[in-house]
Structure formats: C-alpha cells, structure tokens
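Readers should treat all values here as calculations from the given coordinates under stated rules, not as data from a laboratory. These figures come from a predicted structure and were not determined experimentally. Every residue, glycine among them, receives a Cβ derived from its backbone with ideal geometry; neighbour counts consider all protein chains shown.
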Amino acid sequence: MLKVTTVSSGYGRARVLFDVSLDVPEGKLVVLTGPNGHGKTTLLRVLSGLVPPWEGSITFLGESVGGASPAAIVAKGLVHIPQGDLLFQDLTVEQNLLMGAFVKGAWDRRGEGLERVFTLFPKLKERRKQQARTLSGGERRMCAIGRGLMGRARLLMVDEPALGLAPVLVQEVYATLARIAGSEATVLLAEENFENIQHIADYVYLMENGRIVHEGTVAVLLSDERLRSVYLGA
C-alpha cells in the first residue's frame, strides 16, 4: 500500500533521515518505534508532504507521492495525525470532525462519516455539541483520530497518540487503533514506548539516528536479547 525506498530528508542543511525504507501492507498496523528524537516524526512529515524528501521514492497505492503537496496526499487517502491533536478549541466536537471532511468526495458522505466515528468513539457522540476545549486528554485524542477518518482515509499515520495520557486511556486509544486497522483504515503508528504497542503491532520498524536499524514482528524483535535490553525496555 505504502512503499518508502531509500528516503533521506531533513531541515535546512541538517540531515535527519538516512536511506529509510519500509513497507506498509493494506489492512495492517505497522509501528515505527525507537528513542525520542531519532526521526520518527520527521519521517511522518515527509510522508504527508510537510517536509520534502531529498532523495528516494515514496509510492502510495501504486502512485508516486514523494514531493507532492499535503493537500494532494490527503486527497489520495494518506492522512497524518500529528502530536498534540491540533483541534480548533472554540469549535464543537462535531465541527472539528467535519473539518476533516473537506476532501473531495468526503463532504457528500459526511453524515455516514460521523456515524462511523461515533460508533468507534461513543464518548464523542455524547460530547458532539461541546467545545473542544472542554474535552479530556483522551477525548481530544479520539477527536483527532476521528477527524482523520472523516477524510475517507485509506492509511492513517498517527504520531505518539499516548503522549500525556493516563495508562487506562492509553490502552483504550490503542485498542481502538487496532480495531481501525482491522476494519476502517491501515495504520502507521509512531510510538516511543514499545510496551504500548507490542500486543497490537503486525510489524515493527526500529529507528535510531534517522535510520531503520531493525525490523520484524514483535516476536522476532523480542527474541533478540540485545534489542530487548537496549531499545525495547522489555
């Protein structure tokens, strides 16, 4: 579905990514993990068009999207949910969700999209007329994910959704992402804490210093004692 081949990029003259390659198959939940500050967020920004690739290729659904505008990439169904939610504080939950439906073909089916989101996140249906500023941290995260789905996402890229959440809410958010990967959209997830994703990930890429240094299923990574102790905290 998404194929990244030897992509390098960065900011100004500072190179952050070095020959990164990965594949995200349709219907799977794939995880980028590794220490904070080692390129996971930058890679998602490159894939969503916020940062241009310097080298390499990116294809999504068989078409090249490397260097395309963020609007063009979203229109193809590749949706990025960044850290921090970025909700519109004075808009209601429903209005925030509808902001995700301004993609060609999504607005006409916005009612159907809302029902899908409310089925996944019943709490959002209860809060649909409340301003975003009144939501809890977990509800804000749900609203951001729901807004991404409103654009008829085929692949949802989610950056550190557990950041700042209480443990019980972390489990709820990740369980929902696993359900989304199984029925709604493929998921590419950036997560520093391996413990949060080891029970839901189909495949894992481990990043260090802007490079993919290991990859495999959770079972394969956990079978390596050095990886467990140095990178995974398991």
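Considering the chain as a Gaussian network with a 10 Å cut-off on Cα pairs, which listed residue, LEU43, LEU169, LEU156, attains the greatest mean-square fluctuation?
LEU169
Of all DSSP beta bridges located in the chain, what percent are antiparallel, nearest 5?
Roughly 55 percent of the beta bridges in the chain run antiparallel, per DSSP.
Just want the ordering: ASP90, ASP224, from fewest to most Cβ atoms lying within 10 Å of their own Cβ.
The most exposed by this proxy come first: ASP90, ASP224.
Rank these for me by crowding, VAL213, VAL20, going from fewest to most other beta carbons within 10 Å.
Ascending number of Cβ neighbours within 10 Å: VAL213, VAL20.
Report, to one decimal in Å, the Kirkwood hydrodynamic radius for the chain based on all distinct Cα pairs.
By the Kirkwood definition, the hydrodynamic radius is 18.0 Å.
Once the dipole of the chain is set up with Lys and Arg at +1 and Asp and Glu at -1 on Cβ about the Cα centre, which of ALA14, ILE180, ALA144 lies farthest towards its positive end?
Of the options given, the answer is ALA144.
Given charges of +1 on the Cβ of Lys and Arg and -1 on the Cβ of Asp and Glu, with all other atoms neutral, how large is the dipole of region 35-120 about its Cα centre, in debye to the nearest 20?
180 debye
If you add up the charges near ARG127, with Lys and Arg at +1 and Asp and Glu at -1, over every other residue whose beta carbon is less than 12 angstrom from its beta carbon, what do you get?
Here the charged neighbours net out to +3.
What does the charge count near ASN196 come to, summing +1 for each Lys or Arg and -1 for each Asp or Glu among other residues with Cβ under 14 Å from its Cβ?
Every neighbour counted, the sum reads -4.
Would you work out the charge dipole size for region 2-232 about its Cα centre, treating the Cβ of every Lys and Arg as +1 and the Cβ of every Asp and Glu as -1, and quote it to the nearest 20 debye?
Once rounded to the nearest 20, the dipole reads 680 debye.
What order do you get for 128-134, 27-33 when each peptide is scored by the mean count of other beta carbon atoms within 10 Å, highest first?
Order by mean packing, descending: 27-33, 128-134.
Kirkwood Rh, region 86-155, all Cα pairs: how many Å?
So the Kirkwood estimate lands at 11.6 Å.
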